[in-house]
Amino acid sequence: MAEDETALSRGWTPVYRFARALLGGLARLLFRPTVIGAEHIPPTGPVLIAPIHRSNVDFVFTIFLSPRKVYFMAKEGIFSTRWFSWVLRELGAFKVERGSTDREAMRLSERALGEGLALIVFPEGTREEGYHVKPLHDGAMFVAARTGATVVPVGIAGSDEAMPVGAWLPRPSKVVVVVGEPMPPPRPGPDGRVKRSEVAAASEELRRRLEGVYHDALERRAR
């Protein structure tokens, strides 16, 4: 069985339960996370969770969004050793080779959503800085359109202070997470295809909503 197939089929293994509890406990201790709007994450069916990306610890806060197991893509470089690769796969990560085509990343994402799973995709593509959200890559909305997955924007405030770019270890910092209302994916036309213009429009709507929940999280954190 291929490595990515194993990652998508494991579910709630004992290792996953332990790691989730451990990471959740550490996150509560270090970051005292407050989550608003978790009820917007659908309890079943394919859902594409689209968080803002300001820190390498952003994925940890998805633990607090839903009792569902969430899956995510990870750069090949972090699968550096056999044991750590195994742990990552247990946590729901599947490998995407750096420099590979978007086609492969989308294929793996479509497989996860096609199985009705919850998938994390950072629509900014990489860690960004600043108060505003730049134009997004269309990949997230394209995959959502092909799989019929609901899209949920998530704003995370404070993670950039919890683990800034270049830091090796996290530091205590209050983090606030705001989950926005779910968005329907773009719908294919009668020919089964999704127009690029509709995907681009949906990506812009996601950008607008993502910036909104991010600003909401920042304001709540400042209170």
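The values are calculated or read from the model by the stated rules, or taken from the named source; none is laboratory data. Every value quoted in this text rests on a predicted model; they were computed, and no experiment measured them. Counting neighbours? That spans all protein chains shown, and the Cβs are built from the backbone with ideal geometry, glycine included.
Key figures
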read-out	value
Segments classed as helices (runs of 4 or more DSSP H), wholly inside segment 124-222, with at least 2 members that are exposed (fewer than 15 other Cβ atoms within 10 Å of the Cβ) and not basic (Lys, Arg)	196-222
Subset of segment 125-135 (residues that are among the charged types (D, E, K, R) and modelled with pLDDT of 90 or more)	Lys134
Residues of segment 25-44 that turn out to be touching a residue at least 40 places away in the same chain (Cβ under 8 Å) and part of a loop (DSSP other than H, G, I, E, B), as a count	6
Hits in segment 65-92 - residues which are outside any loop (DSSP other than H, G, I, E, B) and either of a type in the set (Phe, Trp, Tyr) or at pLDDT 80 or above (or both)	Val70, Tyr71, Phe72, Trp83, Phe84, Trp86
In segment 10-24, the residues that are surrounded by fewer than 11 Cβ atoms within 10 Å (Cβ to Cβ) and within 19 Å of Ala162 (Cα to Cα)	Leu22
Lone qualifier among Thr62, Thr6 - being surrounded by 18 or more Cβ atoms within 10 Å (Cβ to Cβ), modelled with pLDDT under 90 and part of a helix (DSSP H, G or I)	Thr62
